[in-house]
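Worksheet: the structure to be examined is printed underneath.
The values are calculated or read from the model by the stated rules, or taken from the named source; none is laboratory data. These figures come from a predicted structure and were not determined experimentally. When we count neighbours, we look across all protein chains shown, and the Cβ atoms used for this are built from the backbone with ideal geometry, even at glycine.
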Amino acid sequence: MNKRFDPSIVGFFCNWCTYLAADLAGTSRMKYAPNVRVVRTMCSGRVDPQMILWAFRHGADGVLIGGCHPGDCHYQEGNYKALRRITLLRTMLPQFGIEPERLRLEWISASEGERLRDVVNEFTEQIRRLGPLRKEAAPKAAMAA
Amino acid sequence: MRLESENPLTLSNNGSSRIGFYVCHCGTNIAGVVDVQALAEYAAKLPGVVVSREYKYMCSDPGQELIQQDIKGNRLNRIVVASCSPHLHEQTFRTATAKGGLNPFYFHMVNIREHVSWVHEDRTRATQKAKALVRAAIQRVSFHKPLERKRVPIHPDVLILGGGIAGIHAALTMADAGKHVYLVERDPTIGGHMAKFDKTFPTLDCAACILTPKMSMVRAHPNITLWTYSEVTHVEGYVGNFKVKVKRKPRYIHEELCTGCLACVDACVYKDARYPDEFNLGLGKRKPIYIPFAQATPLVVLIDPETCIQFKSGKCKKTCVEACAERRAIDFEQREETKEIEVGTIILSTGFQVFDAKRIPNYGYGIYPNVYTALEIERLINASGPTAGEVVLRDGRKPQTVGIIHCVGSRDENTNRWCSRVCCMYSLKLAHLLKEHTGAEVYNFYIDIRTPGKGFEEFYDRLLKEGVHFIRGRVAEVTDWAMTPDEEGKLVIRAEDTLAGFVRRVPVDLVVLSVGLEGHADAEDVRRTFNITCSTEGFFLERHPKLAPVDTFTDGIFLAGCCQGPKDIPDTVAQAGAAAAQCMALIDRGYMEIEPNTAWIEEELCSGCHVCIAMCPYTAIHFDAQKKVAVLNEALCKGCGTCVAACPSGAAQQNLFRDEQLFAEVEGVLV
Amino acid sequence: MTTYSYYPGCSLKGTGKAYEESLLAVCGALGVELKELEDWNCCGATAYMAVEELSAFALAGRNLALAEQDPVDLLAPCSACYLVLNKTQRYVAEYPEIRQKVEQALKAAGLTYRGTAKIRHPLDVLVNDIGLKAISGKITKPLRGLRVVPYYGCQIVRPYATFDSQTHPVAMDQLLKATGAEVVKYPLKTRCCGGSQTGTLPEVGLRLAYILLKEAHKRGGDVLATVCPLCQFNLEGYQDKLASEYDDFVPMPVLYFTQLLGLALGLPAKQLGLRRSLVPSEPILARRNLHAA
Amino acid sequence: MTAIKQMMKYEADRDKEFAHWVTGVVGAEKIRQCIQCGMCSATCPLSIYMDYTPRRLIHLAREGFKQEVLGSFAIWLCASCYSCTVECPKQIKVTDVMYALKRRAIQEGAYPKRLPIPVLAREFYKMVRGHGRITEGRLVFNLFLKTNLLKMLGMTRLGLGLLRTGRFSFFKESIKHRKELGALLDAVKSSKEVAA
C-alpha cells in the first residue's frame, strides 16, 4: 500500500476577489484539499513570471493564480496583464521541462466560494495525476529565476 | 537571475530580526483542527524567532497586551500572528504592534482560520499546511521595512445613489448634520417602493403619512441637491476624492420653472389618460405629460416621448405649452446633460426589484386576469391608487374569497434560493387589509411563517384571531380547471395541507402572489461602476456580515437598504443611519489613512525601457527625459504592483509586496 | 433529404401501430428518411425501471450503444422510450457507479458505450428541424373547424424538457395550428394520464383518463391529440368502461398528432392507420366536412 | 368498536439503517434538505389516493420509520409522471426515491398482495430475456392469466377491439442477438449480487 502523492501547490490570490472567495469558503465551512498554500497579492497583475518559476524551482508541483473576472479588476485591467503574462509563460514552460498544465490562471470573484473550492480540488487532482514535478525540471526553472 | 546571489533564507536569519510569533486558538475555531501546540513549538525553532506563544484569543485585550509586553521585554523587532483573515484583524494587530513601540508594518498576519481550520478536516494535514504558511510569514517578515501610512483628505460632500426610504433617511441625517448631499434617483420621483405601499406592518400606519413628509424635507433641505430622473454613468478616484459623472435624463420640462400646477396635464390634447402608468404598475392610466403620483417629489411634470404626439409626429397643437405660456417650463428641445461632481464618500441605496411572477407559469400570472402580485394589491387597496382603494377584480366584481400564496420566487432552488424575509409579514398585512376592505374569506398558503421582528408575532396572533385561514403547504398550481360545481368560474389553488396530511383544492376569486425580493437586473453594472462586489444572490456584498455590515470592500463606499439584501423598513432605516454615521465619521476626521502599498522606482536600477509606463492604469509613472529613467508619482499610485511585475531590471518595487518579501514567502510555503 | 435513425419501441409494433404508420407516412411526405435501428430491443420501460432499475439502464444502454454506431440523431416516438433513453444517458454520465455497471453489462454483450447518441422526439424534429414554415407549405387539406385538444402527457417534457417548456409546452399547439386546426386552450396538457397504472390499478388509471377527457370535452374539443402510444391507449382503450362508470362522460376520439398532420397533408386514411381507432374519428371529421383521402 | 392503536413512537422504533440507506439512494442526495413544503404531494396527480403523501414518506423515510414507509400503499401509486421531481424546490428527485422504496419493498416482500407488480416484473423480464422485445398482447395476456382472470374477462371487449383493429398481436416480436442480450442481463444480475 504505497502512500499517494500529495502535491504542494502555490496559490497567488488577488486580495479583492480570489482571496476573499477563500475567506468566504471558510466562513461557509466548505471543505477542500489542503494542498494549495496561498500567497496574497494586491492584484493578479503583481504576479511576476519569475515568482512562478521561483515557486517551481523550490518544489512547487503546481501554481494557481486567482484573479478577478474580466472587467472586474480592482485596478482596471491588472487581470488582463496577468492573463497575457501567464499565457506567454505557459508556452515557455516546456523548455524548462514543466508541463504547462501545472500552471493555471482562474477568474474567481469574491462571491464564488463554491467555485474556489471546486477549482482547488480539481486542480489538486490534476496535479496529482501529473505526478511530482520531474527532478531535472526544477534546476532548469532555476536558471530562469 | 535577480535573486541568484541573495537567497532569502540566508538573508532572513542575518541575526538582525528578533521575531515574536503568536498563534490564536480562536476558542476551538482554530485549535479544534490545527494542533496549535505543535505549531508554536515548530515556529520557536525557526530562524529569527525569539518568542513563540499560543493563546486563546489573540484579538482580545490580553492577547494584544502579550504582543506589546514581548516587544518591550524581549526587544522584538518583528511580529507574526497566525489567526483569522487579515481582512478581519490585520488593523487590530498592527495597532498592537505600534502600541508596543514598533513600526506597525513590522507585523505580518497568517490566515489559519478561514484558509485552514474552517476548510480542512484532517488534523495532521491541516497542521502541516499551517506550518508552511507560518514559516512563509516568518521568512517574509524579516524583509519588512518601516512604512508611514499615507493620509488622504476626505472631501466633505456625499453622494447617495437611490432615493427610496434608505437614501432619503441617510440624506436627511447627514444634511441635518451640515453635510452637503447629492441625492441621485433614477425615477422621476423619490420615494421608492415604500411610496407605493398602503400600510406598513406591523403597526399599520399608512406609508404615505410617514414617508411623504420626509420626501418634502429632502426637497426643501438647503444641504441636499436632489437630482431625480438621473443616473451615475462614471466614477473614478478613491476614498475621499471620488469624481462622479451624473447623467440627467431630459424631462422636457425646466425643473426650476415648473410649479407643479398641472395645468399642462389638464390641457394635454389627450382629454383622458390612456397609457399604462408606471407608478401604479400599469393598473392605472396616465397622459403623455404627467406626474408619477400626487405626492411626487419633486412635484415636476415630465413628458414621455414614446407616447407624446409632438415627439412622434411633430404635429401636435401643443395645448400644454399654451397652458404654460406664462412660465414657459415646457421645452421639447431639452437634451440630456451630464453633471460632474466631487465627493468624498458614497452611499449606495439602490434597493431591490420584485421577483417576476411570470417565471413560475403554474401560478397563472399573466394568464389569468385575477392573479395579482402583492405590489399590485398594495396599489389596489391604496386610497390614492387607481381604484381609490376599491378592491375589485378586473371584471369589476368584489372578491369573496382570496388566496395569498407565499414564497413566490423565494426558498426555491429553481428560482431564488433565499428567504425574502419580508413576504410573511406583508402577506399577513395584506390578508388583514383585504379582509377589512372586502370582508372576503382569506387563505394564506405558506411554508413557514417567519415573524421574528418587534411586534410581528403579536400581529400574526391578531390575524389568527381575525379568522384568516392558514394552510401550510407550497402551492403547486393555480388553474381555472374545475372539478366540482363550486369550483366553476373560480381560480382553483392546489396545495398539500401538510398539517392535515392531504392535498386540498381551494377555489378563490382573487389570487395574490407574495413575490420575493431580488437584486436589480442591472446591479452588476452598478457594481462595476463603483468597483464593489456582489454576493452570489446578486445583492451588494458588505465588508463583513457582522462587524462591517454597511461597509464595502472599497473604502469610502457604503451600503444601505435592500441593495445589500432583503429587509423591512425598520431595518432599512437603521442601516441607512449607520451608513450615514460611517460617512460622517470619515468626513469629520477629515482624512483617511490608506495602505502604504504604493510602488517606487530605484533610479540606479532603471534602464529606462518604458515598460512600466505602459503598464500603469493610473498614469502614475512618467519618463524623466534628462535622467532617462521612469519616475513614479506616489500620489497617483493605487498599489496594484503591475509595474513591479513587468519591470525587467527589478527597478520597480512595491511597499508591503517587495520582491524579496514575496520570494521569501513563496519559498517558505514550499520548504 | 434529412435522415434519422428510428427507434420504434415495442408499442409502435403493437397497440401503437397507427402511430408508426402515420409517422412513417408523414415523414415520407415531408422528405424525412427513417432508418429503423438495427436489432433494437425493449427500452427498459418506466414500469420496469421502477422495480429493476439497473436492468432497465442496461437494456436502454444497448440501444444507445447500437445507435451510436450511426452519427445521425435517434428518433424515439414513444414518450416512455424517449424518457428511459434520455434518463439512461444522463444517469450513466452523472453516476459513476451506474456507468461502471452498465458498461460492464454492455461489454458482456460485446458492445461499447460512449454516450454520444442524440435522442429526439418526432415532435421536436418536425417543429425544429423541418420547421413549421416548410410544413404549412405542404398542407393541402387544412383541418379547418376541427377543434383539437393538444395533450402532451408527462414524459416528453418531464423531467427532461429538451425542446419545449416543462410546464407549458407549445410545440404541438404550433404544429396543429399549422394544420389549420383550431387548438383548444387546455390547462391539463401535461397532466398524467395514468397509463402506467391502468394495468395494475384500473380504477386509478381510469379516473385520471376520465378527468382529462371530461375537461377536453368541456372545453369544446372534437378530438384529443397525443404524442405517446401509452397515453393514446389509456385514453382511448377504456372509454366504454368510463361511459359505464361516469354518467356525464362523453366519448372522444384520441388521435396521434402525426395522424392529424397526415390528414392535413392529404395522405390517405389507410396510411394513417385511422381505422385502428377504437373510438372512430370519421363521424366528427365528417361533421366538420373533413374527409380523409 | 374499533381497536385502539398506539400511535406514539419511541426512538427505538426508528430503523437507522433504513434512514441511512435512503439518503444513499440515487436521486435522494438532497433528501435531508427537504423542507416539507408539500410541493411533491400537491403536484402529484395520484396523491388524491395516497395514505401517506410523498412529503410524509420522505420525512418518515429519512427518520427511519421503515414499516410505515414500506407498508404504505402510496409508493405503488407512483405513475412515473415526474411532476414532483421537476417541481421540488430542493431538487430532490422524488420519483427516483419512490422507485427505490418500491424496490426495497419488493426485496422485503412488503407489497400489497393485490398488486401483480412482481408478477409483471417477472413476466416482463422473462419476455425481454427471451426475445429482447415486448409483445404487448402476450405480456398482458400472461399477466392476467397469472393474476386474476376476472379482470381479464372484464377487459375482453377491449381485447376484441384491439384484435379487430390489429393492435393486439400474438406474433412474437424478437431480436437477432438474443444470446448477447442474455449475457448483458446476466452481467447486471451478477454485478448486483456482488454489490449485495
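Below is a table of values for the structure above.
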| quantity | calculated |
| --- | --- |
| Qualifying residues in segment B:68-85 (those that are of a type outside the set (D, E, K, R) and farther than 18 Å from B:Asn111 by Cα) - the one surrounded by the fewest Cβ atoms within 10 Å (Cβ to Cβ) | B:Gly73 |
| Candidate set from segment A:52-90 (those that are under 20 Å from B:Pro617 (Cβ atoms) and of a type in the set (Lys, Arg)); member that is farthest from the other protein chains (Cβ to nearest Cβ) | A:Arg84 |
| Some residue of segment D:112-132 being touching a His at 6+ places or on another chain (Cβ under 8 Å), modelled with pLDDT of 75 or more and not assigned by TED's automatic domain parsing to the domain that holds D:Ala61 | yes |
| Strands (runs of 3 or more DSSP E) within segment B:137-240 that include 3 or more residues out of contact with any Ser or Thr (no Cβ under 7 Å at 6 or more places or on another chain) and either aromatic (Phe, Trp, Tyr) or within 17 Å of B:Ile587 (Cβ to Cβ) (or both) | B:150-153, B:224-227 |
| Qualifying residues in segment C:239-293 (those that are small (Gly, Ala, Ser) and within 14 Å of another protein chain (Cβ to nearest Cβ)) - the one nearest to C:Asp222 (Cα to Cα) | C:Ser281 |
| Top-ranked residue of segment A:1-59 - restricted to ones that are assigned to a strand (DSSP E or B) and touching a residue at least 40 places away in the same chain (Cβ under 8 Å), ranked as nearest to A:Ile127 (Cα to Cα) | A:Ile9 |
| In segment B:461-502, the residues that are outside any loop (DSSP other than H, G, I, E, B), in contact (Cβ under 8 Å) with a residue 24 or more places away in the chain and within 12 Å of another protein chain (Cβ to nearest Cβ) | B:Ile471, B:Arg472, B:Val475, B:Ala476, B:Glu477, B:Val478, B:Thr479, B:Leu491, B:Ile493, B:Ala495, B:Asp497 |
| Scope segment B:486-532; condition over 30 Å from D:Ala74 (Cα atoms), acidic (Asp, Glu) and either buried (at least 20 other Cβ atoms within 10 Å of the Cβ) or in contact with a strand residue (DSSP E or B) (Cβ under 9 Å, 6 or more places away or on another chain) (or both); matching residues | B:Asp509, B:Glu518, B:Glu524 |
| Tally of residues being of a type in the set (Lys, Arg) and either in a loop (DSSP other than H, G, I, E, B) or at positive phi (or both) across segment B:507-566 | 2 |
| In segment B:112-148, the residues that are closer than 15 Å to B:Phe21 by Cβ and within 36 Å of the chain's Cα centre (by Cα) | B:Ile112, B:Ala130, B:Leu133, B:Val134, B:Ala136, B:Ala137, B:Arg140, B:Val141, B:His144 |
| Filtered residue count, segment C:4-16, keeping only those that are within 11 Å of another protein chain (Cβ to nearest Cβ) and either assigned to a loop (DSSP other than H, G, I, E, B) or under 14 Å from C:Gly262 (Cβ atoms) (or both) | 6 |
| Enumeration of residues in segment B:269-303 that are in a strand (DSSP E or B) and crowded, with 21+ Cβ neighbours inside 10 Å | B:Arg286, B:Ile289, B:Tyr290, B:Leu302, B:Ile303 |
| Members of segment A:21-49 found to be out of contact with any Leu (no Cβ under 7 Å at 6 or more places or on another chain) and more than 7 Å from chain B (Cβ to nearest Cβ), listed by number | A:Leu24, A:Ser28, A:Ala33, A:Asn35, A:Arg40, A:Ser44 |
| Test: residue in segment B:459-482 that is under 29 Å from D:Pro45 (Cα atoms), surrounded by 16 or more Cβ atoms within 10 Å (Cβ to Cβ), in the same structural domain as B:Asn370 (by TED's automatic domain parsing) and of a type in the set (Phe, Trp, Tyr) | yes |
| Some residue of segment C:243-259 being among the hydroxyl-bearing types (Ser, Thr, Tyr), outside any loop (DSSP other than H, G, I, E, B), assigned by TED's automatic domain parsing to the domain that holds C:Leu224 and modelled with pLDDT under 95 | yes |
| Set B:Leu632, B:Leu605: member being in contact with a strand residue (DSSP E or B) (Cβ under 8 Å, 6 or more places away or on another chain), among the hydrophobic types (A, V, I, L, M, F, W, C) and under 30 Å from B:Pro104 (Cβ atoms) | B:Leu632 |
| Filter pass, C:Leu235 being modelled with pLDDT of 95 or more and touching a helix residue (DSSP H, G or I) at 6+ places or on another chain (Cβ under 7 Å) | yes |
| Residues of segment B:625-648 classified as more than 12 Å from chain A (Cβ to nearest Cβ), of a type outside the set (Lys, Arg) and in contact (Cβ under 8 Å) with a residue 24 or more places away in the chain, total | 5 |
| Filter result for C:Ala209 (free of Cβ contacts under 8 Å to residues at least 60 places away in the same chain, assigned to a helix (DSSP H, G or I) and surrounded by 24 or more Cβ atoms within 10 Å (Cβ to Cβ)) | yes |
| Helices (runs of 4 or more DSSP H) wholly inside segment D:1-120 containing at least 1 residues that are within 14 Å of chain B (Cβ to nearest Cβ), surrounded by 14 or more Cβ atoms within 10 Å (Cβ to Cβ) and touching a strand residue (DSSP E or B) at 6+ places or on another chain (Cβ under 7 Å) | D:39-43, D:54-63, D:83-87 |
| Residue list for segment D:121-135, filter: within 7 Å of chain C (Cβ to nearest Cβ) and small (Gly, Ala, Ser) | D:Ala121, D:Gly132 |
| Selected residue (only one of D:Gly166, D:Gly182, D:Gly137, D:Gly159 is assigned to a helix (DSSP H, G or I) and modelled with pLDDT of 80 or more) | D:Gly182 |
| Residue within segment C:180-192 that is in a strand (DSSP E or B), in contact (Cβ under 8 Å) with a residue 24 or more places away in the chain and surrounded by fewer than 18 Cβ atoms within 10 Å (Cβ to Cβ) present | yes |
| Every residue from segment B:551-573 that is among the hydrophobic types (A, V, I, L, M, F, W, C) and either farther than 17 Å from B:Gly163 by Cα or in the same structural domain as B:Ala645 (by TED's automatic domain parsing) (or both) | B:Phe553 |
| Within segment A:81-113, tally of residues that are surrounded by 16 or more Cβ atoms within 10 Å (Cβ to Cβ) and part of a helix (DSSP H, G or I) | 11 |
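Yes or no, residue by residue, for (1) more than 14 Å from every other protein chain (Cβ to nearest Cβ); (2) under 27 Å from C:Ser196 (Cβ atoms); (3) not in a loop (DSSP other than H, G, I, E, B):
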{"residue": "C:Glu33", "(1), (2), (3)": "yes, no, yes"}
{"residue": "C:Cys42", "(1), (2), (3)": "no, yes, no"}
{"residue": "C:Met49", "(1), (2), (3)": "no, yes, yes"}
{"residue": "C:Ser55", "(1), (2), (3)": "no, yes, yes"}
{"residue": "C:Arg62", "(1), (2), (3)": "no, yes, yes"}
{"residue": "C:Ala65", "(1), (2), (3)": "no, yes, yes"}
